[in-house]
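The values are calculated or read from the model by the stated rules, or taken from the named source; none is laboratory data. Please read these numbers as outputs of a predicted model, since none were measured by experiment. Positions of Cβ are generated from backbone atoms using ideal geometry, with glycine treated the same way; all protein chains shown enter the neighbour counts.
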C-alpha cells in the first residue's frame, strides 16, 4: 500500500490572527493568562470553512516571552490547548525562543512549518500562511507557501511581500477558498 498523498494546509499565526491581543506603544502583546484569552470574531467559522474545504489547519506561534522570563510554558500551553480543543486544527506548534537564540523554529525562519509538513505530510507549495506580522509571511515564503498578511498597525508590511492582504481571518479564508476553487477548475 502506497503513502497517502500530501495535503494542502493553512498555517495560522495565533496572537492577532486567532485571538485578541493588546497593542501598547505600537507593539503587540499576547494574553498573559488563560482568562484573558478570547477568539477574534468569525475565527471559528473561518476555520470550519477551511477545514470543510479539505485543508489541514496548523497553528504556528512564536512565544518569546517564555525565553524572556515574562511568561511560562504552562500558561502558553493552556492557551494552545484552548485553541486545539475549540478549533479544527491538527495541532499548535510553538517556538519558545527569542531572537538571540538563533533557533530554526522562530519565525521568520521556516522550522515550524517544515516540522508540521513532515509530521502531517503537508504539501508546502500548495499551502498558505496567514499572519499579522512580516515574520509570518517571511517564514511562509521560506517554506514555499503563499502568504496572506492581516494588515495591522504593527505588521511592518514593508518588510515582507505577501501574496494578498486581508483585514481578518474571515477575509483571508475567503481568499484561500476562492484560490483553491480556481486552481481546481
Residue in the stretch 53-73 that is loosely packed, with under 13 Cβ neighbours inside 10 Å and either within 14 Å of the chain's Cα centre (by Cα) or more than 25 Å from residue 104 (Cβ to Cβ) (or both) present: yes
Matching residues in the stretch 112-123 - criterion: being free of Cβ contacts under 8 Å to residues at least 24 places away in the same chain and under 16 Å from the mean Cα position of the chain (by Cα): 115
Flag if residue 72 is without any contact (Cβ under 8 Å) to a residue 12 or more places away in the chain and either in contact with a strand residue (DSSP E or B) (Cβ under 6 Å, 6 or more places away or on another chain) or more than 22 Å from residue 9 (Cβ to Cβ) (or both): yes
Looking only at the stretch 1-19, and only at residues there that are surrounded by fewer than 19 Cβ atoms within 10 Å (Cβ to Cβ) and assigned to a loop (DSSP other than H, G, I, E, B), the one that is modelled with the lowest pLDDT: 1
Residue that is farthest from the chain's Cα centre (by Cα), among those in the stretch 20-41 that are part of a strand (DSSP E or B) and either free of Cβ contacts under 8 Å to residues at least 24 places away in the same chain or buried (at least 19 other Cβ atoms within 10 Å of the Cβ) (or both): 24
Test: residue in the stretch 87-101 that is in a helix (DSSP H, G or I), free of Cβ contacts under 8 Å to residues at least 40 places away in the same chain and under 14 Å from the mean Cα position of the chain (by Cα): no
Selection within the stretch 59-76 - within 22 Å of residue 139 (Cα to Cα) and outside any loop (DSSP other than H, G, I, E, B): 59, 60, 61, 62, 76
Filter result for the condition that a residue is under 29 Å from residue 144 (Cβ atoms) and in a loop (DSSP other than H, G, I, E, B), over 47, 105: 105
